[in-house]
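Input: a single structure, listed below in structure tokens.
The values are calculated or read from the model by the stated rules, or taken from the named source; none is laboratory data. On a predicted model such as this, the values are computed, not experimentally measured, just so you know. Because the Cβ atoms are built from the backbone with ideal geometry, glycine has one as well, and the counts that use them run over all protein chains shown. Ligands, DNA and RNA are excluded from the accessible area calculation, which covers all protein heavy atoms including side chains. Shrake-Rupley method; radii C 1.70, N 1.55, O 1.52, S 1.80 Å.
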Amino acid sequence: MTLPLSVYRLLTRLLEPLAPRLLDARVKQGKEDPVRVDERLGVAGLARPPGDLVWLHGVSVGETLSLLPLVERFRISRPDLTVLVTSGTLTSAELLARRLPPGIIHQFAPVDAPAAVAAFLDHWRPSLGVFVESELWPNLILAARDRAIPLALVSARITEKTAAGWARFPASARTVLGAFNIVMPQDETSADRLRTLGARIDGEVNLKLSGAALPHDSAAFTSLSAAVGDRPVIVAASTHEGEERAIVQALAQMADRLCLILVPRHPERGPAIAADLARDGHSVTLRSQGTVPGISTDIHIADTLGELGLFLRLADVVVMGGSFGSCLGGPPWGGHNPLEPARLARPAITGPDASNWQAVTSALVAAGGLVQVRSPAELPAVITGLLADPATARRMGERARTAAADAGAGLERLWTALQPLLPPTPRGSRR
């Protein structure tokens, strides 16, 4: 082990006795689950089933949700394996509780301290560990390597800042990345950065491009559809601060009376957005309060978790949030996943900043399934054209769905790459 890694292990060992107090403080701040906080110390909340177990890890919402197609593939193709999914945030745990299939286990990931990591691995004894994106915790990774657990780093995305940090300790970076049997970055930029740090690259895969359409509650859809009536529905999905007002002001110029549904990226902002828009004279309802967008409602704020699939299905046109920050004088959020409306064949519009999804955005625009505008001021013209020509809007949605299906082919490459690392199928079991 390199000197920096030895120092890191020593420091985390010395500081580990403080972990319970730090976690208790996070509980009081609402950042940890008070009932399950001991899982962060490696104390399992559930018994381990017998047999082989595969462990899939993603730190937060985006990473863990990107694992769902792989979870489903394990469930169908290798039902003999127990699947354990770990994550590190409350929000991810809440969403996974709704989205994981029956029989799939969720636990909070242990803090990266030697005793917590050892307790976690002693209990779960995984036959394979799959890490998503760039969650590189040295104690966890190296302890798994020392136990001869095969590891895969997939859909890996490493920022320039993170790569520069690891580059200060090149031997340590090579040691940590060398613990992985497979490294599959999500794009060429991350591949180049990881290769520079000493990783062997085994191909590319972006799990966020895979997967089925977001789920929805059909009864809720029927209720909301009836409440909206025959008004056109515009859904602004995954919006950030400043975007809501800009989009509302832009669409106020349209002649049609719309039902605008805002789905803030951070649902806890819902009441503040509602108060802000009400002061501007708009009639606003909040999903979290159990209200529905009636005929007199201008704006409905969908400030709940896990219901984006419901609201996308209601949409005649979708506006992707997180893509207008830079043109509004705010931070460049980089956009959000345009495949979510595309998988539902919904025509969509994105702003100028889609840097987090540049390749996908370019592919959808080239396919004719997505329109990119320079600012919210350009939204009315595009939306008016789509609402006036439903046949064109339908064709645009279908082109988007076809392009989304093409983008999702990477899951098959990943499944093939994982086969040599998986425990053998028991005799008599089906693949």
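Some observations on this one:
- Of all residues in the range 132-168, those that are modelled with pLDDT of 95 or more and acidic (Asp, Glu) total 1.
- Looking only at the range 395-431, and only at residues there that are assigned to a loop (DSSP other than H, G, I, E, B) and basic (Lys, Arg), the one that is most open to solvent (accessible area, probe 1.4 Å): ARG427
- Only residues that are buried (at least 18 other Cβ atoms within 10 Å of the Cβ) and either under 28 Å from the mean Cα position of the chain (by Cα) or more than 18 Å from ALA237 (Cβ to Cβ) (or both) were counted across the range 268-283, and they come to 4.
- Among (1) open to solvent by 40 Å² or more (accessible area, probe 1.4 Å); (2) assigned to a loop (DSSP other than H, G, I, E, B), the one test that THR392 misses: (2)
- Enumeration of residues in the range 239-254 that are open to solvent by 10 Å² or more (accessible area, probe 1.4 Å) and outside any helix (DSSP H, G or I): HIS240, GLU241, GLY242, ALA252, GLN253, MET254
- Within the range 2-18, residues that are under 15 Å from TRP166 (Cβ atoms) reach partners that are open to solvent by 60 Å² or more (accessible area, probe 1.4 Å) with beta carbons closer than 6 Å, at six or more positions or on different chains, in the pairs PRO4/PHE169.
- Matching residues in the range 255-292 - criterion: being among the charged types (D, E, K, R) and assigned to a helix (DSSP H, G or I): GLU268, ARG269, ASP276, ARG279, ARG287
- The set of residues from the range 72-95 being in a helix (DSSP H, G or I) and over 14 Å from the mean Cα position of the chain (by Cα) comprises GLU72, ARG73, PHE74, ARG75, ILE76, SER77.
- Close contacts from the range 304-316, counting a first residue that is free of Cβ contacts under 8 Å to residues at least 60 places away in the same chain and over 10 Å from ASP217 (Cα atoms) and a second that is hydroxyl-bearing (Ser, Thr, Tyr) and open to solvent by 40 Å² or more (accessible area, probe 1.4 Å), with Cβ to Cβ under 9 Å and a gap of 6+ residues or different chains, come to THR304/SER288.
- Residue that is nearest to ALA250 (Cα to Cα), among those in the range 352-370 that are crowded, with 16+ Cβ neighbours inside 10 Å and in contact with an Asp or Glu (Cβ under 9 Å, 6 or more places away or on another chain): GLY369
- Residue within the range 38-59 that is closer than 26 Å to ARG168 by Cβ and open to solvent by 40 Å² or more (accessible area, probe 1.4 Å) present: yes
- Picking from residues in the range 114-131 that are among the small types (Gly, Ala, Ser) and either modelled with pLDDT under 95 or out of contact with any His (no Cβ under 8 Å at 6 or more places or on another chain) (or both), the one that is surrounded by the most Cβ atoms within 10 Å (Cβ to Cβ) is ALA116.
- Members of the range 372-386 that are surrounded by 19 or more Cβ atoms within 10 Å (Cβ to Cβ) and in a helix (DSSP H, G or I): PRO376, LEU379, ILE383, LEU386
- Of the residues examined, ASP24 is one that is surrounded by fewer than 14 Cβ atoms within 10 Å (Cβ to Cβ), without any contact (Cβ under 8 Å) to a residue 40 or more places away in the chain and out of contact with any helix residue (DSSP H, G or I) (no Cβ under 6 Å at 6 or more places or on another chain).
- Filtering VAL111, VAL154 for residues that are surrounded by 19 or more Cβ atoms within 10 Å (Cβ to Cβ) and in a strand (DSSP E or B) leaves a single hit, VAL154.
- Residue list for the range 160-178, restricted to those being touching a residue at least 24 places away in the same chain (Cβ under 8 Å) and surrounded by fewer than 20 Cβ atoms within 10 Å (Cβ to Cβ): GLU160, THR162, ALA163, ALA167, PHE169, PRO170, ALA171, ARG174, THR175
- For the range 192-201, a residue qualifies if it is within 23 Å of PRO420 (Cβ to Cβ) and either in contact with an Asp or Glu (Cβ under 6 Å, 6 or more places away or on another chain) or open to solvent by 60 Å² or more (accessible area, probe 1.4 Å) (or both), and the qualifying residues are ARG195, ARG200.
- Among the residues of the range 202-230, those identified as surrounded by fewer than 16 Cβ atoms within 10 Å (Cβ to Cβ) and part of a loop (DSSP other than H, G, I, E, B) are GLY203, ALA212, PRO215, ASP217, GLY229, ASP230.
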